[in-house]
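Take a look at the structure set out below.
The values are calculated or read from the model by the stated rules, or taken from the named source; none is laboratory data. Keep in mind the model is a prediction, meaning the values are calculated, not measured. Cβ atoms come from the backbone with ideal geometry, glycine included; neighbour counts cover every protein chain shown.
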Amino acid sequence: MDVMLEKEIHRRYFSQIYYFTFHYIKDEERAQEMVADAFVILFSGIIPDNAPDYENAVKDFLYNQVEDSCVNYYVEDLGIKAPDQGDLFNTRLDAELLALHHDKIMKNGH
């Protein structure tokens with residue numbers, strides 16, 4: 001994958017994926033690790049650059065990767081059942097809206 005493309009993907013999705021992850025597990029450090037791991041796997045070439053609907057494939061991969069990591073965190077690290085995932089769709093929407101708002105602020109130079 002092209003380094004410039006990696007930087008753009010990271011810039012575009014890091015905040016929203018981190019927000020989603022942190023909202024689910026409430027642990028800043030662990031959320032950062034999970035998100036970083038998801039990007040490492042993504043940048044290893046798991047999704048071909050010429051995949052149809054590449055942008056949505058990237059976003060869906062990142063969300064699915066961290067969601068799986070969050071469930072594993074509860075089950076394997078904490079030894080408890082993961083919280084109900086019914087709220088995750090709304091959390092994802094919140095994360096995407098925050099990212100849009102952030103991008104708008106950055107474009108306006110504020």
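Quick one: which of Leu42, Leu62, Leu78, Leu97 is under 27 Å from Leu5 (Cβ atoms), loosely packed, with under 15 Cβ neighbours inside 10 Å and either of a type in the set (A, V, I, L, M, F, W, C) or under 14 Å from the mean Cα position of the chain (by Cα) (or both)? One residue alone meets the criteria, Leu97. Tyr63 meets the stated requirement of being at pLDDT below 95, closer than 18 Å to Arg12 by Cβ and of a type in the set (Ser, Thr, Tyr).
Residue under question is Ser69, and the condition is that it be out of contact with any Ser or Thr (no Cβ under 7 Å at 6 or more places or on another chain), among the hydroxyl-bearing types (Ser, Thr, Tyr) and surrounded by fewer than 11 Cβ atoms within 10 Å (Cβ to Cβ); does it hold? Taking the combined requirement at face value, the residue does not satisfy it. For the stretch 60-75, which positions are touching a residue at least 40 places away in the same chain (Cβ under 8 Å) and of a type outside the set (Phe, Trp, Tyr)? Passing the criteria: Leu62, Val66, Glu67, Ser69, Cys70. Scanning the stretch 10-25 turns up no residue that is surrounded by fewer than 13 Cβ atoms within 10 Å (Cβ to Cβ) and within 21 Å of Asp68 (Cα to Cα). If you filter the stretch 81-94 down to residues that are at pLDDT 75 or above and in a helix (DSSP H, G or I), you find that the one that is nearest to the chain's Cα centre (by Cα) is Arg92.
Here is the figure for the stretch 1-39: residues that are part of a helix (DSSP H, G or I) and either in contact with a Cys (Cβ under 8 Å, 6 or more places away or on another chain) or in contact (Cβ under 8 Å) with a residue 40 or more places away in the chain (or both) total 15. Scanning the stretch 45-59 for residues being touching a residue at least 40 places away in the same chain (Cβ under 8 Å) and surrounded by 14 or more Cβ atoms within 10 Å (Cβ to Cβ) gives a total of 2.
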